[in-house]
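The structure appears right after this line, and notes come after that.
The values are calculated or read from the model by the stated rules, or taken from the named source; none is laboratory data. All figures in this text were calculated on a predicted structure; none of them were measured in a lab. Positions of Cβ are generated from backbone atoms using ideal geometry, with glycine treated the same way; all protein chains shown enter the neighbour counts. SASA here: full protein model, heavy atoms, side chains in, ligands and nucleic acids out. Shrake-Rupley method; radii C 1.70, N 1.55, O 1.52, S 1.80 Å.
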Amino acid sequence: MKLPIPWKTLTLLSFLLSTPLTITLPVIANTAVNPPTNTQPAKQFKLTLSGHTEPVRALTLSPSGKILASGSDDQTIKLWNPTTGKLLQTLTGHRSTIRRIIITPDDQTVISTSFDNTIKFWNIQTGKETQTITEKNGVNAILLTPDGKTLITGSRDKNIKFRNLKTKKIQKILKVEASALAMSSDGKTLFSGGESGGKIRVWNLAKGRQIRSFTPPLPPKEYQVSGSEKASAPITLAVSNDGKMLLSGGYDDSYASGGVRTTDGKSFKAWDLKTGKLVHNVSLGTSIDALVITPDSKTFIASGPNQAVIVLRDIKTGNPVMELKGHGGGVYGLALSRDGKTLYPTFRRY
């Protein structure tokens, strides 16, 4: 369902936003080293990038940090210079909302998925579409191996598919449902989630087999409303660079009335990968659609469509580090620079 677009201007943190859909780049300075004790508004805006005509749902920063890509309900992908804010290319060809975007390590190719049930490949220099793969049931999640040679997709047909990026041929299939994917920094371990009950599977990529799984507990009976609540399936997954923590963001319907609620109302979960212990199982006040971890593995950053707040917390203790406020609507996507100093959120203004 498409939302109505309110065409009006407003002033946000002393910046005039002339269009309703924006990508805003605040600087987060030394959050892991000197975490503030109080909630702080996001005042240090560097740039506001405007141009999409409908909400921006997908956002990614290239491994080199030289290209920022945004995908929208307006069926386009825009490529930006994240330093200057200059629009580099607008990619057109999808016929529905853009779901996911990734950029190859050589900054030559954009790979995108859409609700039009296709995976498209684009030449960054020319802005031209180079190839399209049709997935009959659609694609929920995509990622690349660190070497940029293999494309991994979680499809709605309950298969994880591994494609040779050069030939686009399927090399391997894991028969499991996956709406969210993540990979360890060394490229040896794949994490997949999306099944009922919040189960997350861990895969050894070299052997192509599952090595363990994590399933959140059911909520205690005294906290159940309908009696059938389960942990929500992951919308997004993230793994710390040090390989110690696995984070999961999911739906939060704790606000729903009895008989409507289907989840445990706890949108954020974290596991210690060494011990297998569930160390965090809490609600962050919103469904979690976007989740990133700082390069030093000390802080996680989370956001969702239900609140105009970006949450930063200590990854070990779960204690608040900072909240970035000032957005006019829910935050749909996050990207973080490799040095961890610049955050790129995308949100809808009302």
Residue pairs meeting the criteria (Cβ under 8 Å; at least 6 apart or on separate chains; first under 13 Å from L165 (Cα atoms) and charged (D, E, K, R), in region 118-133; second outside any strand (DSSP E or B) and open to solvent by less than 70 Å² (accessible area, probe 1.4 Å)): K120/G93; K120/H94
Any pair with Cβ under 8 angstrom, 6 or more apart, that starts in region 144-169 at a residue that is more than 18 Å from T236 (Cα to Cα) and in contact (Cβ under 8 Å) with a residue 60 or more places away in the chain and ends at one that is part of a strand (DSSP E or B) and not small (G, A, S): L165/L144; L165/T150; L165/L151
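Can you go through K2, K86 and tell me which one is under 30 Å from N123 (Cβ atoms), modelled with pLDDT under 50 and charged (D, E, K, R)? Write out each step before concluding.
Values: K86 fails: modelled with pLDDT under 50.
Of K2, K86, the one residue that is under 30 Å from N123 (Cβ atoms), modelled with pLDDT under 50 and charged (D, E, K, R) is K2.
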Candidates G304, G318 - the one that is farther than 21 Å from P217 by Cβ and touching a residue at least 40 places away in the same chain (Cβ under 8 Å): G304
Among residues of region 296-339, those that are more than 18 Å from L47 (Cβ to Cβ), assigned to a loop (DSSP other than H, G, I, E, B) and either open to solvent by less than 50 Å² (accessible area, probe 1.4 Å) or of a type in the set (A, V, I, L, M) (or both), counted: 8
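Have a look at D272, D242, D264, D253 and point out the one that is open to solvent by 50 Å² or more (accessible area, probe 1.4 Å) and either at pLDDT 85 or above or over 13 Å from the mean Cα position of the chain (by Cα) (or both).
On the way: D272 fails: open to solvent by 50 Å² or more (accessible area, probe 1.4 Å); D264 fails: open to solvent by 50 Å² or more (accessible area, probe 1.4 Å); D253 fails: open to solvent by 50 Å² or more (accessible area, probe 1.4 Å).
So the residue among D272, D242, D264, D253 that is open to solvent by 50 Å² or more (accessible area, probe 1.4 Å) and either at pLDDT 85 or above or over 13 Å from the mean Cα position of the chain (by Cα) (or both) is D242.
For region 168-233, list the strands (runs of 3 or more DSSP E) that sit wholly inside it and hold at least 2 residues that are touching a strand residue (DSSP E or B) at 6+ places or on another chain (Cβ under 9 Å) and open to solvent by 30 Å² or more (accessible area, probe 1.4 Å); which are they?
Details: elements: 170-174, 180-183, 189-193, 200-204, 209-214.
By residue number, 170-174, 200-204, 209-214.
Going by what's in this entry, would I124 be described as more than 18 Å from T109 (Cα to Cα), surrounded by 18 or more Cβ atoms within 10 Å (Cβ to Cβ) and modelled with pLDDT of 95 or more? Reasoning before the result, please.
On the way: more than 18 Å from T109 (Cα to Cα): no; surrounded by 18 or more Cβ atoms within 10 Å (Cβ to Cβ): yes; modelled with pLDDT of 95 or more: yes.
Here the answer is no, as I124 does not meet what is asked.
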Matching strands (runs of 3 or more DSSP E) fully within region 43-121 where at least 2 residues are open to solvent by less than 50 Å² (accessible area, probe 1.4 Å), of a type in the set (V, I, T) and more than 22 Å from I235 (Cβ to Cβ): 109-114
